[in-house]
Structure formats: structure tokens, C-alpha cells
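Colleague: Encoded as C-alpha cells, here's the structure I'll be asking about.
The values are calculated or read from the model by the stated rules, or taken from the named source; none is laboratory data. Fair warning: this is a prediction, and the values are worked out from it, not measured in the lab. No Cβ is skipped: glycine too gets one built from the backbone with ideal geometry, and neighbour counts run over all protein chains shown. Calculation scope for accessible area: heavy atoms of the full protein, side chains included, ligands and nucleic acids excluded. Shrake-Rupley method; radii C 1.70, N 1.55, O 1.52, S 1.80 Å.
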Amino acid sequence: MGEHGHHTILGFDRYAFNFWVLMIFTAIEVVAVALTFSMEGTVSMNTVVFILVAVGVVKGVGIAAIFMHLQGDPDSRVLTATALFPVFFIVIMVLFIGLTHPDAADTLPDWCRPGFYNLE
Amino acid sequence: MSYDSHHGDHHDHPSPFGPHDWSHGAPHNSWAPIMMAFGSSIFLLGFTKVFTQTWEGDAWSYAINSAQFGLLIAGLAIFTAGLYVFWRQDWSFDGIEFEPKSVGTPFRGIDIRKVAIWMFLMSEMMVFSSLFSTYLRYRTGIDNCEALHAAGTLTDGTVCWLPASYFIAEGGWHQETAHAALKFMPDTLIPGAINTFALIVSSYTIVLALKTAKDRSLSDSERNRKVGKYLLTTLLLATLFLIFKLVEWFVGFELGDHDHPLFYSPSLLADGFTIHASDYTYQVCNEWHDHHCAEGQLETYTIDIRMAASTFYVTTGTHGVHVFGGMVALVYMVIKAYRGGYTPDNAVSIEYFGLYWHFVDLVWVLVFPAFYLY
């Protein structure tokens, strides 16, 4: 939200365009899930997960780039970098989740297990 | 207290609790954040003392320790006092006379308050990231109850993950036995779906409020009325969000005839999805006859689903608290708008509040599919 961001997208006001994109994608999200559970077999769970992730990415980018003006303002680049800074820590957290998952520990190769190098 | 002076005047001695005299430049070293952080700590400490659970050999016992309420109230009082100091020093500042700019790399030349709100949003991002990583860890680490049942390994007493989506997107057990007319989607999904659309619309109305506040073609009275209208709409949508949240958690809803309702959505509480659901009754019917389970086809298990419930309520509750915080700010902004507080040269507080509000919407973009749909 800044002073320089009043542009158009495909001839429409960018805020109105973004608003309708968000509404439509949310409807897709809800309908996909509703179909899955009300008419079993119409949409598989894997498809639903793909739709949810794809829609989430589009909606997230729409809100951040247009509504929060991380695109189009003179200070957008530095503020985008600022906003992305915590992503580094988020990646670390997600990595820890993977590494602490019981299955992940069970399937570690021998060279990665305690005692392999006889260092005790 | 010190100032970044734009007049070269360093001889002013402001009160440590405000209000700031912005004509001397950008003030530093406010007591407000320290007071608010201290108040939050005391409040959260009190929270753990008031709501307790203890293991009594064979079951968990839950209690509300009213003797510790003082700690909760003290924390809240200190936090509110800090908020008041913050308001006196900064919120009441219009930025017309002097908008302080950052001088250090990489934010040189950007309004200090804009940088500050982004720093705040970064810390908020970390809060919600920790909640999401907790959710991912437990969701991937604890077996899914429905999958265990499908594999034939579900037994009484099993600790497993029954996601909130089982009750919301699938409709849970009650949806199967209800005679509700809406067949396209489970009625239990309605409050969450409406809330999602409400937040998106509110994100748009806050943008419209800012656009209108900056519109020089409007007369002052027309601008005040329109900005106030958009902010009030945002406030009403936020209120709607929290009302539906409470309906979903505690109240539930039923429209039409009780035996054949048009809509029927039991609350999560009535469905047994609670933070102490260590003995949740999980029912599976293998064959249905007109919303009734055929004789001998009903399987019943007593399972522990507390982790799924706790993760759901803590995450969605934290988001709800953020919505409530936004509502408090919106009440102030609506009054300010109708009093003519926003002009084309003075609309930054709508802009900065908008950043916060869009962030709340952004978090919901992740919470809704992760907790309600999947």
C-alpha cells in the first residue's frame, strides 16, 4: 500500500483485479474440497493437495505483491528482501522437521549414524 | 529520550511516557515496547498458572485456578498501560509536519514507521512459522486415525491425528447422520468459507479506504464519509469473522426444521474436538441406510486426539487474537475518519494498518487450507 502503486492490470484497476482473482481462487479452493468429500471419487486427495498449494501460492503472491505493495513501489525491492528474511529461519525449521521425523532417522545411512566412526 | 532532530534542536527533555513533541524530530527510546513485552510475559505466565492439567494415574484432570487470576489481570494491565503510552507517543502523530526517514542501509530514505511495521510483521511471521512448523511436525509424526482404521490397526486408546478437516471439511460423524438439505458441501464448512471471503473483502475495503483518503477530487465531507464507510465495513467484516469463529467453535447452527434442517452444523465443542479429547469416541459406519447406520455395521473406538485439537485451537486462536487486535485499532480509525482525521496528505496510518491487516489475511490464506480443508 503506497503512493505510487495505482496502475492497471489488463485494463482493470489493479486492486479490483487482485480482489476478484482472490475471490475466484478461494472459490476454486472450497469447491475442490467440497467435491472431494461430498462426491467421493470426483477429485482425488492428491489433486486437492496440489490445488490447495497452487491456489495458496497465487493468493499469497497476490496479497503480498499488490495489496501490500511489494511490487511497483520504489522501496518494493528492499522491503521484499526484508519480508523474505525470515524465510531463511522457516527453511531451517522445516529442515529440522524433516530430520526429526522418525522415518527420516530410521532411514539414515550407516555413515550418518552415531558410532559409525568409532569416535567414542 | 533522544531525538533525530530536523531542526538541530537537542535541548528538549520530553517525558519518558510521552507524549512526544514531534516538532523536535524523530524520538527514540520509548518505554512502550518494554512495558508491552513485560505485560505479555506476565499475562502468558498467568495463563499457564490459571489453566492447569495434571495426570492422575489413569486420566488427565483439568482445572481453572482462580487464585492466579491476579497474575493474568496484572499482565493485561501492564500491557494496556504500555499500549496507552504507545498511543500517546506515536499513534496520535499525523506525520504532516515531519515524517522521519530511515538513515541507515538498507532502508535509507524510507519512512521509519513503514520500516518499523515491516520489522513487526517479520516478527509476526516468525510467530506463525513456529506454529506451522509445530503443526507440520505433529501432522507428519503422528499417525492419521482414518489411515490407521483403513489399515485395520486402530484400537482403543490409540494416540492418533484426527485433523480438524475431518469435522469441518468432511463434516464429521454428525454430518453423516444429519438430514440437512445442502448436499453440495458439508454444512460445517460454511462458517470457515464465509470467513475466508470476509477477510478477502475486508482486505479490499481497507485498500479502498486508503485510495479514497488520498483522492483530492473529493470534498472534505464526502471524503470523510467514504473513508469512514470503508473502515466501518472492514470493522464489521472483522466482527463477522470472529462471530463465525465462535459459532464454529462453541455454538454451531441449525436452520429450518429440527428433523430435516436446511443447514446443520454442530460446534467443534459439541463434536468432541477439544484440547482434552483423550477419550474421543470415533465412530465409523460401514453401510448407510438413509442417514442411519445399518445394524452391526457400526464400529466405535475411544482414541486420543488432543494433539490435533491443541494445534488447531492454538493456531487459529492466535490468528483470531490478531483479528481482534485489528478490530481495536479499527474502532479508533473509524472515529478518526468521521472526524476528518484522514486527508490526502495524512493517510499513512491507514496504509500502515493496511499492511498489518493484509498480513492477517495472508496468514489465513495458509491456515484455511492447512487446518480447515486438508
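Colleague: Using only protein heavy atoms and a 1.4 angstrom probe, determine the accessible area buried between A and B, summed over both sides, in Å² to the nearest 100.
Modeller: Result for this pair: about 4300 Å² buried.
Colleague: Give the lysines reachable from B:Lys101 as a straight Cα distance under 19 Å; neighbours fewer than 8 places away on the same chain don't count.
Modeller: Here the lysines satisfying the reach criterion relative to B:Lys101 are B:Lys114.
Colleague: Okay, next question. Note down the accessible area of A:Arg14, probe 1.4 Å, to the nearest 10 Å².
Modeller: 10
Colleague: Regarding chain B, what's the average projected area of the Cα-atom convex hull, expressed in nm²?
Modeller: Its average projected convex-hull area is 24.3 nm².
Colleague: What ranking do B:265-278, B:45-58 get when scored by the average of other Cβ atoms within 10 Å per residue, highest first?
Modeller: Taking the mean over residues of other Cβ atoms within 10 Å, the ranking is B:265-278, B:45-58.
Colleague: Of all the accessible heavy-atom surface of region B:113-373, with the other protein chains kept in place and a 1.4 Å probe, what percent is carbon and sulfur?
Modeller: Accessible surface attributable to carbon and sulfur in region B:113-373 totals 63 percent.
Colleague: Tell me which of B:Gln297, B:Val321, B:Leu355 sits at the most positive position along the dipole axis of region B:113-373, charges placed on C-beta atoms (Lys, Arg +1; Asp, Glu -1).
Modeller: Farthest along the dipole direction, towards plus: B:Leu355.
Colleague: May I pose another question? Starting from the eigenvalues of the Cα gyration tensor, five times each then square-rooted, give me the equivalent ellipsoid semi-axes of region B:275-350, largest first, whole Å.
Modeller: Gyration-tensor ellipsoid for region B:275-350: 52, 17, 8 Å.
Colleague: Please give the average number of partner chain Cβ atoms lying within 10 Å of the Cβ of each residue in B:190-203, rounded to a whole number.
Modeller: For peptide B:190-203, the averaged partner shielding equals 3.
Colleague: Which whole-number value in Å² is the accessible area per residue of region B:113-373, probe 1.4 Å?
Modeller: I get 40 Å² per residue for region B:113-373.
Colleague: Using helices alone, what [θ] at 222 nm do you get for chain B, with -39,500 (n - 2.57) per DSSP H run of 4 or more residues, divided over all residues and rounded to the nearest 500?
Modeller: Result for chain B, helices only: -17000 deg cm²/dmol.
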